[in-house]
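Notes for the one structure printed next.
Each value in this text was obtained by applying a stated rule to the coordinates, not by laboratory testing. Since this is a predicted model, take the numbers as computed values, not measurements. Neighbour counts run over all protein chains shown; Cβ positions are idealised from the backbone, glycine included.
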Amino acid sequence: MSIVEDYFSSSAEETFALGQAFGSQLPLNAVVCFFGDLAAGKTTFIKGVVAGAAQLHPAAVQSPTFTYLNIYEGAKTVYHFDLYRLRDADEFLSMGFDEYFEADGICCIEWSERITSLFPPTCIFVTMAHEAEDRRSIKIVKKDAS
């Protein structure tokens, strides 16, 4: 069974705050898979996750579009992947990135649809969408641990 949480955000500040609250509750080895169009707010949400989980300032967070991975070390380590330029799951595996799924940190994966065949069974899905110019929908789906 899955737990589904639906939210709406009217600003980058609200998206950040939701990410921060979400990040503060994530356990080690959580894998969070993000879905959404360009400019849907994924990186803003992840800045909040890093603030909540790693307790780092959001200015430290940049999308790793050209490097695939940024690592933020703090109270908890956050591995931030941006797979926009990735060809496929085999390329992800060839770089050894799957080892981060169990590296005692939290994995946040933007453009995770590139590696759907590699999702761990307990991954959390965050889907973000434009509802209007200043409104985003945010859906979080988690597997029920029971």
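Relative to the longest principal axis of the Cα atoms of the chain, helix 12-24 runs at roughly 50 degrees.
Estimated at 0.36 nm per residue, the fully extended path between Gln25 and Ala12 surpasses their Cα-Cα distance by 2.6 nm. Of the trypsin sites (Lys or Arg not before Pro) in the range 51-125, the ones in a loop by DSSP (not H, G, I, E or B) with at most 16 other beta carbons within 10 Å are Arg85, Arg87. Rounded to the nearest 20 debye, the dipole magnitude of the range 90-146 is 340 debye, with +1 charges on Lys and Arg beta carbons, -1 on Asp and Glu beta carbons, and the Cα centre as origin. Other residues within the sphere of radius under 11 Å centred on the Cβ of Leu83, judged by their own Cβ, net out at -2 (K and R +1, D and E -1). If one takes the longest principal axis of the Cα atoms in the chain, at what angle in degrees, from 0 to 90 and to the nearest 10, does the Cα axis of helix 42-53 lie? Relative to the chain, helix 42-53 is tipped by roughly 80 degrees. With a Förster radius of 35 Å applied to the C-beta separation of Glu73 and Ala129, the computed FRET efficiency comes to 0.65.
Across the chain, the convex hull enclosing all Cα atoms gives 103 Å³ per residue.
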